1. Might you report the magnitude of the Cβ-based charge dipole of the stretch 13-111 about its Cα centre, with Lys and Arg at +1 and Asp and Glu at -1, to the nearest 20 debye?
2. What percent do you get for the relative contact order of the chain when only Cα pairs under 8 Å and 6+ apart count?
3. Where in the stretch 25-131 are there trypsin sites (Lys or Arg not before Pro) that are in a DSSP coil and have at most 12 other Cβ atoms within 10 angstrom of their Cβ?
4. Net charge near residue 113: determine it from the other residues with C-beta under 14 Å of the C-beta of residue 113, scoring Lys and Arg +1 and Asp and Glu -1.
5. Between the stretch 118-189 and the stretch 71-86, how many Å separate their Cα centres?
6. Kindly write out, for the stretch 175-180 in residue order, the coupling ³J(HN,Hα) from the Karplus curve 6.51 cos²θ - 1.76 cosθ + 1.60 (θ = phi - 60°), rounded to whole Hz, with x marking Gly and Pro.
7. Taking every pair of alpha-carbon atoms in the chain, what share in percent sits in each 10 Å bin, from 0 to the bin with the longest distance?
8. Loop-only GluC sites (Glu not before Pro) in the stretch 71-179, please: DSSP not H, G, I, E or B, and at most 14 other Cβ atoms within 10 Å.
Amino acid sequence: LALDVTDPVSLGTAMEQIADAKLQIDLLVNNAGLALGVDKAQASSAENWQQMIDTNITGLAMVTHKVLPRMVEADSGMIINIGSIAGTYPYPGGNVYGASKAFVRQFSLNLRADLAGTRIRVSNIEPGLCSGTDFSLVRLNGDLEAVQALYRDVQAILPEDIAATVAWIAEQPAHVNINSIEIMPVAQSSAALNVVRNLPRA
């Protein structure tokens with residue numbers, strides 16, 4: 001189904017089609033998401049912030065809200081959310097995008113708390129630098145040179161790596177729940193905390 005997770009009408013229509021076809025969703029992968037811009041918070045676009053919130057937070061939550069009751073009724077199903085290391089490690093320009101992915105991490109854990117006593121499993125995958133998608137092209141407003149510079153001389157993780165992780169989680173025995181997986185390329189690691197020198201005293 002083609003649908004817009006930020007549009008309640010589009011989402012509602014899709015769910016009606018699934019119900020009319022008498023289909024049961026066994027696995028929901030909440031992969032819809034985006035980052036827009038790399039400006040610091042004080043120079044960011046309010047429209048970009050709103051679109052990230054509408055997609056990464058509201059869209060993910062509302063899709064889950066539509067699907068979850070039928071999973072609970074069947075006492076079967078799995079939800080795999082695609083978060084980001086940006087939800088754990090802050091960086092300049094990450095502002096609302098990072099905050100939205102922190103929401104995904106905490107939402108995943110809270111779903112597990114609410115679903116205790118059911119057989120429904122919830123996981124959160126947090127990728128680091130990943131090439132081979134339109135993610136950075138969208139974030140950098142179509143600036144292909146900037147995208148190429150970002151991935152130059154770096155062996156980033158690939159969409160196939162994340163897909164394989166989704167498949168591995170889904171293949172685990174029914175009594176196993178993978179709470180969270182953080183994945184970075186070998187070329188990436190967390191950075192030291194920033195210290196500003198010679199900052200004028202207050």
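Computed from the coordinates by the stated procedures, all read-outs in this text should not be read as laboratory data. This one's a predicted model, so the numbers in the text were calculated from it and none came from an experiment. Glycine gets a Cβ as well: all are built from the backbone with ideal geometry, and neighbour counts include every protein chain shown.
1. On the way: 6 positive and 8 negative charges, 55 e Å.
Dipole of the stretch 13-111, to the nearest 20 debye: 260 debye.
2. Values: 270 pairs, mean separation 42.2, N = 202.
The normalised contact order for the chain reaches 21 percent.
3. Sites meeting the loop and neighbour criteria: 40.
4. Details: positive: 105, 112, 121; negative: 114.
Charge balance near residue 113 sits at +2.
5. When both Cα centres are located, 16 Å separates them.
6. Working through the residues one at a time gives 8, 10, 10, 8, 5, 7 Hz.
7. So the P(r) values, bin by bin, are 8, 30, 35, 19, 6, 1, 0.
8. Here the sparse-neighbourhood loop sites are 171.
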